[in-house]
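All of the numbers you see were taken from the coordinates with simple rules; none came from a lab. All of these numbers come straight from a predicted model, not from anything done at the bench. Every residue, glycine as well, gets a Cβ built from its backbone with ideal geometry; the counts of neighbours run over all protein chains shown.
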Number of protein chains: 2
Amino acid sequence: MKRDRVHNADPMDQLEEGRRRVVIEGVSPEIDAGRFPIKRVVGEKVVVEADIFTDGHDAISCALKYRSEDGPGWLEVPMESLANDRWRGEFVVAETGRYRYTLEAWVDRFQSWRQGFVKKVDAGQDVAVDCLVGAELIEAAATRAGKEDQAELRAYATALRARAGDEIERAVEEELARLMEKYPDRRFATTYGKELVVAVDRAKARFSSWYEMFPRSSAAEPGRHGTFQDCEKRLPYISAMGFDVLYLASIHPIGRSFRKGKNNTLTAGPGDPGSPWAIGAEEGGHKSIHPQLGTVEDFRRFVAAARGYGLEIALDIAFQCTPDHPYVREHPEWFRRRPDGTIQYAENPPKKYQDIYPLDFETEHWRDLWHELKSVLQFWIEQGIRIFRVDNPHTKPLAFWEWLIGEIKAEHPDVLFLSEAFTRPKVMYRLAKLGFTQSYTYFAWRNTKWELTQYFTELTQTQVREYFRANLWPNTPDILTEYLQLGGRPAFMARLALAATLGASYGIYGPAFELCESRPRETGSEEYLDSEKYEIKHWDIERPDSLKDFIGVVNRIRRDNPALHSDLSLRFHPVDNDHLICYSKQTEDLSNVIVVVVNLDPHHTQSGWVDLSPEAFRLDPHAPFQVQDLITGARYLWQVGRNYVELNPHSCPAHIFRLRRRIRSEKDFDYFM
Amino acid sequence: MKRDRVHNADPMDQLEEGRRRVVIEGVSPEIDAGRFPIKRVVGEKVVVEADIFTDGHDAISCALKYRSEDGPGWLEVPMESLANDRWRGEFVVAETGRYRYTLEAWVDRFQSWRQGFVKKVDAGQDVAVDCLVGAELIEAAATRAGKEDQAELRAYATALRARAGDEIERAVEEELARLMEKYPDRRFATTYGKELVVAVDRAKARFSSWYEMFPRSSAAEPGRHGTFQDCEKRLPYISAMGFDVLYLASIHPIGRSFRKGKNNTLTAGPGDPGSPWAIGAEEGGHKSIHPQLGTVEDFRRFVAAARGYGLEIALDIAFQCTPDHPYVREHPEWFRRRPDGTIQYAENPPKKYQDIYPLDFETEHWRDLWHELKSVLQFWIEQGIRIFRVDNPHTKPLAFWEWLIGEIKAEHPDVLFLSEAFTRPKVMYRLAKLGFTQSYTYFAWRNTKWELTQYFTELTQTQVREYFRANLWPNTPDILTEYLQLGGRPAFMARLALAATLGASYGIYGPAFELCESRPRETGSEEYLDSEKYEIKHWDIERPDSLKDFIGVVNRIRRDNPALHSDLSLRFHPVDNDHLICYSKQTEDLSNVIVVVVNLDPHHTQSGWVDLSPEAFRLDPHAPFQVQDLITGARYLWQVGRNYVELNPHSCPAHIFRLRRRIRSEKDFDYFM
């Protein structure tokens, strides 16, 4: 009995053209069989590899094809053969948007002929017939050739038919091979079938320094609700620290029903401002601004002012509503109704969050809901916003985000999305795959050398690197880690140095961070005592123990050293003390090499021997080199192999070395000789 | 500007049904995104895993769906949740042919409700409304339920609405959960999309013991050309060694043009019989039998006789022709013609093989050619053949084999194909993926512990195991390795023990192997001196130093121990001497555990300590156990951890231990107490 077939190659397809002899498989990068794009920023390379081979011993040629979805058509570069049937090609993505790439390969009869011909000539064999075979191949190419090359090809063919001794030499010369390569016979070429996609972002998608603040806590004097004007006055301070993204905690009107009081208590006092993430009140919802912060016009002015300080504003997107949100009244069909007629509030049994009504993504009116939420982003894009930090995306359907981000980026390829999903790894990775530009990570909870090495090796040296761009936060308004609670100022410095050098993108929640705020609500809790989420704070940003100058130095080092603008080159190096971690980043041409050593013990001086292999930076194993600590300016003479380091966390727990390759010796001076 | 999208999820699809909240990804096994089937034999399990998750905290349910392509429809088993969003399910393939499997998963609202409900009840919260929510879910299930369960479900719902104290208990009892599981709400279930294929073979595809012989060398007296009748007389001898596949070197008429003489010399003497792989003469081609062997009727009789000895005949398929082959005359269009009008002979410049005309798979008449070659297999299938050993498949187009094997197996799912491709790894793997049942390997050239461990770990512990079934040959008519040339009888014994226990399928070319034939044509060559390929040999199979009895013992051990019928459980164990290799195989239930130790040094006695971890066989770390050498019968008392072994290659270079778990102690006897 005959069976129908689905995934196995259809024999009828094979009977359509059985002469496609080349196989293309094992293509990388390729995410989930091409289901998702890889990510790049403008100017980056896409290096594509594949296993490509044919039966028998014939030579093959392979082409990497690529195009911008906005561009006129396919471009093509030849691939080169590596070992073991692996081929490689590369192209550069020049503009934001989406590119595609695919592969094509074919049996190259001229190359096959040429290789055999050379061997026969070398072996002194009679090549009379081979000359005729070669001439036929060249003549066939001439019929495919452009006018400018036809005559030259025909001359080669004629000479080969004549087969004088030196014409045999001509038959295998490079010029002929180059010409033949221009006019290959691709009738039976194998195409890869799939077109793979590259999502190309602007540079900030890869390299960004974030500062998070609560606008309402920006007033110069205690007790007053801050405004966008107050925020504007804070800009020079933030800019001086070297940040380039200013992320504002949610700025919408705050609900009154079930409003939370200080320290997340269930009942608010009359003066309590509520959590900014309890979105929606009589004054409006997701397209409105909390009246005490200012108007939409104030906001636009503030966004422009920030731009003047090199700061781009990132807005918080939290798709949830208070019972007072206009949606509850206008679109009750977007919420789940319980059998008693009430609306289902958020819960994680036995915990209840009665101040929050989650949107019901299983409503029959989900299409209207999706479009409305899209219009929220569009509204803020119209106000000049191009970066969204998305709150808890993992509690809304994954398909919704893929659609939403796809829709927005099709219109505005410069928009960036940061996923705030602190959840299970596969969910976090899926959100990145489906379109989020950057992602929060587990960095806050990775403190030991082993943990950091494992995690950042996974993020930067596996396929994850193709779609997941880490954004490292040592703290957030919700996360004050035990390490920061117990480690004091050295812990804050160490975690900042780690975040800023392990991650091309990182951020801090300030001024809590630079002021080393470390008191938890209670022992064992990661929440801040008197958290800014539930009250207006007044921060003394000029306190002499502030880390603002240290942060400024580190951000300047980041800006000046392109090695730190990407995570792909990250490599860890052995140190014989587990309290010390050492890693490096480098530009592809090795013109900028950064080696970082951090003392992970915030209490004690630690010392040890860092082991640098010569392969790591293509170092001359016999020549010493200089490393300069870019934080202190101090220079050290190092060598390939073991080098001593010692870090007192109470002065500075980190070295950020720049490797300077060239050490002059007596031979560099005229008087030597 | 809007852009069109190809591979990224189509937003319009998402707008068709946005409530499919579950994601299925990372499915294994899945070869090249489902392009190729995985392989199993009848009765084996298919264990399927996948990453399955949804947004938020809802419970999900996942089903593994499978069906025989010949069966009536889909069957389904629930999958179970492992750690980290990984799910697993399994099914058994019961018949040869092709199966398909795919996945489906959905948010399970009842389970989600039940989990929250229990937590709320435990926390002493008011669950009045929750009871109503649960009742609604149960009532909805009742409408989906079969008649036999509707009343019971409605009773549960009614009780829950009444919400007496013990009804709350009933609401979460297992019986209700079980009932609800029968009638899930799968309106918004996510289907995986792809149907993956399992190619199911009969058991011999996985476990087979091959013996290769040249039929023409089977005559009882020297100098006479053997016949199928002579072959028949050889059957008891081969059967006594315990083989179950008898593979015959090519049996077709042999060409006369450019016939090769002894030791592959260019000119044959009048008595030289030629190479059996120079196929085609006046007497016929691929559907004919060399007249001196007998007739087709003789052949059929021989095949039947072999069956009586438990031996299945495997036929050699070599798609190449001599200049005398009928195809050359009848179908000149299937050969490549050179510009001088001659037909292109085989060459690998500067080497020429003028006795062979390769078929031109790039001919415009390739369709006719493919169909003719298929008819060759059909012809031999009609003569009772179900196993083909394919000569050099890597020199014919890969697409051709995929088509051919697909066509044949669709009609005859019991046919097996062995790929004789000694070529680059990716080509060998591709041939296995596209349909070859078994494959020759690099085993012959893997001699050291490191080489064997690396290679067999790749074959058995990576994805390769899903499609590549190794068949290990210590020798072939073309391969007499240096190890065998130099190692003498101990080398033949060691390589046989390795092949027969590392590989569930293995084979030898005899009688050269059991007679330890080790003379190369010249130093540095892997060809036999006076190779059987070019002359008729007479083997003294009763020589007292023959390995036939040893081979018989090893094949009996193979037959009696199901652990050796598969390669998937293969694990290597440390030995503190690099000349000794130790590995084990076991059945899934551990009722049969085999531990093999081989001395790889054919010259000297080697001893060392084998290290067995308790995890390897779920051993009691404190109890000794017995191992019995199945070759000698000797028993040893071993323990978890280090055990001493010593092997003198001149008596026997291998232990094949069966592990016997239970050692009785005084507590097992009545008089203890």
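For residue A:573 and residue A:185, compute 0.36 nm times the residue count separating them, minus their Cα-Cα distance, and round to one decimal in nm. Mind dumping the intermediate values first?
Values: separation 388, 0.36 × 388 = 139.68 nm, distance 4.97 nm.
Result for the pair: 134.7 nm of gain on full extension.
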Could you tell me the center-to-center distance, by alpha carbons, between region A:111-131 and region B:587-606 in angstrom?
52 Å
Separation of region B:34-88 and region B:639-657 by C-alpha centroid, Å?
42 Å
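May I ask for the net charge around residue A:101, where only other residues with Cβ less than 14 Å from the Cβ of residue A:101 are counted and Lys, Arg are +1 while Asp, Glu are -1?
On the way: positive: A:39, A:40, A:45, A:65, A:67, A:88, A:98, A:100, A:194; negative: A:30, A:44, A:49, A:69, A:76, A:90, A:104, A:195, A:466.
Net charge in that neighbourhood comes out at 0.
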Using 7 Å Cα-to-Cβ label points, what is the residue B:352/residue B:292 separation (nm, one decimal)?
2.7 nm
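Quick one, what does Rg over Rh come out to for region B:1-144 if you take C-alpha atoms and the Kirkwood Rh?
Numbers: Rg = 19.5 Å, Rh = 18.3 Å.
Radius of gyration relative to Kirkwood radius: 1.07.
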Rounded to the nearest 10, the angle in degrees between the Cα long axis of helix B:449-461 and the longest principal axis of the Cα atoms of chain B comes to 50 degrees
On the first, second and third principal axes, largest extent first, how far apart are the outermost C-alpha atoms of region B:162-201 in Å?
56, 27, 10
Using the number of other C-beta atoms within 10 angstrom as an exposure proxy, rank B:148, B:16 with the fewest first.
B:148, B:16
Whole-Hz Karplus couplings 3J(HN,Hα) for region B:103-114, θ = phi - 60° and coefficients 6.51, -1.76, 1.60, Gly and Pro as x, run 10, 9, 8, 8, 5, 9, 5, 5, 5, 4, 4, 4
Quick one: divide the alpha-carbon radius of gyration of region A:219-259 by 2.2 N^0.38 Å and tell me what you get.
1.47
Distribution output for region A:60-178: share of Cα-Cα pairs per 5 Å bin in percent, first bin at 0, values 2, 10, 17, 16, 14, 13, 12, 7, 5, 3, 1, 0
Mind listing the label-point distances from residue B:382 to the same position on all other copies, shortest first, one decimal in nm, points 7 Å along Cα→Cβ?
7.8
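Restrict the search to region A:99-206; then list the chymotrypsin sites (Phe, Trp or Tyr not before Pro) that DSSP places in a loop and that have at most 16 other Cβ atoms within 10 Å of their Cβ.
Details: sites: A:99, A:101, A:106, A:110, A:113, A:117, A:156, A:188, A:192; in loops: A:188, A:192.
The qualifying sites are A:188.
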Per 10 Å bin from zero, what fraction in whole % of the C-alpha pairs of chain A is there, up to the bin with the longest pair?
3, 13, 20, 20, 16, 13, 8, 5, 2, 0, 0
Per-residue mean of C-beta atoms belonging to partner chains within 10 Å, peptide B:15-22:
5
Could you line up A:661, A:86, A:234, A:618 from fewest to most neighbouring Cβ atoms inside 10 Å?
A:618, A:661, A:86, A:234
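So in the protein assembly as shown, what percent of DSSP beta bridges are antiparallel if you round to the nearest 5? Don't skip to the end; give the middle numbers.
On the way: 151 of 214 bridges.
The answer is about 70 percent antiparallel.
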Starting from the Kirkwood Rh over alpha-carbon pairs, what translational D in µm² s⁻¹ does region B:371-418 have by Stokes-Einstein at 37 °C and 0.692 mPa s?
298 µm²/s
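Per residue of A:187-195, how many C-beta atoms from partner chains lie within 10 Å of its own C-beta, taken as a mean?
Working: counts 0, 1, 0, 1, 0, 0, 1, 3, 2.
Counting Cβ atoms of other protein chains within 10 Å of each residue's Cβ and averaging gives 1.
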Calculate the FRET efficiency for residue A:338 and residue A:457 from the Cβ-Cβ distance with a Förster distance of 51 Å, rounded to the nearest 0.05.
0.60
Could you work out how far apart the two model spin labels at residue B:19 and residue B:667 are, taking each label as a point 7 Å from the Cα in the direction of the beta carbon, and quote it in nm?
6.0 nm
Using only Cα atoms, figure out Rg for region B:273-317 and give it as a multiple of 2.2 N^0.38 Å.
1.28
For every other residue with a beta carbon closer than 13 angstrom to the beta carbon of residue A:337, add +1 if it is Lys or Arg and -1 if Asp or Glu, then tell me the sum.
-4
FRET E, pair residue A:266, residue B:543, Förster distance 60 Å, beta-carbon r, rounded to 0.05:
0.05
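Using alpha carbons only, what's the Rg to Rh ratio of region A:110-182 with Rh from Kirkwood?
Numbers: Rg = 11.4 Å, Rh = 12.0 Å.
We get a ratio of 0.95 for region A:110-182.
How many partner chain Cβ atoms sit within 10 Å of a residue's Cβ in peptide B:84-91, on average, as a whole number?
On the way: counts 3, 5, 1, 0, 0, 0, 0, 0.
For peptide B:84-91, the averaged partner shielding equals 1.
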Counting other C-beta atoms within 10 Å, which of B:415, B:107 has the fewest, and how do the rest follow?
B:415, B:107
Over what distance in Å are the Cα centres of region A:369-416 and region A:459-475 separated?
21 Å
Near the axis that takes chain A to chain B, which A residue has its beta carbon closest, and at how many Å?
A:33, 2
Distribution of pairwise C-alpha distances over region B:435-528, 5 Å bins, in %
2, 14, 24, 25, 17, 11, 6, 2, 0
Under the 0.36 nm per residue contour assumption, what length would be gained going from the current alpha-carbon distance of residue B:300 and residue B:329 to full extension?
7.6 nm
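Taking K and R as +1 and D and E as -1, what net charge do the other residues with C-beta under 14 Å from the C-beta of residue A:202 add up to? Mind dumping the intermediate values first?
Working: positive: A:39, A:40, A:98, A:204, A:206, A:386, A:409, A:469; negative: A:44, A:95, A:201, A:244, A:312, A:414.
Value of the local net charge: +2.
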Percentage of interatomic Cα-Cα distances in the protein assembly as shown larger than 61 Å:
28 percent
With Rh as the Kirkwood radius over Cα pairs, region A:571-672 has Rg/Rh of 1.01
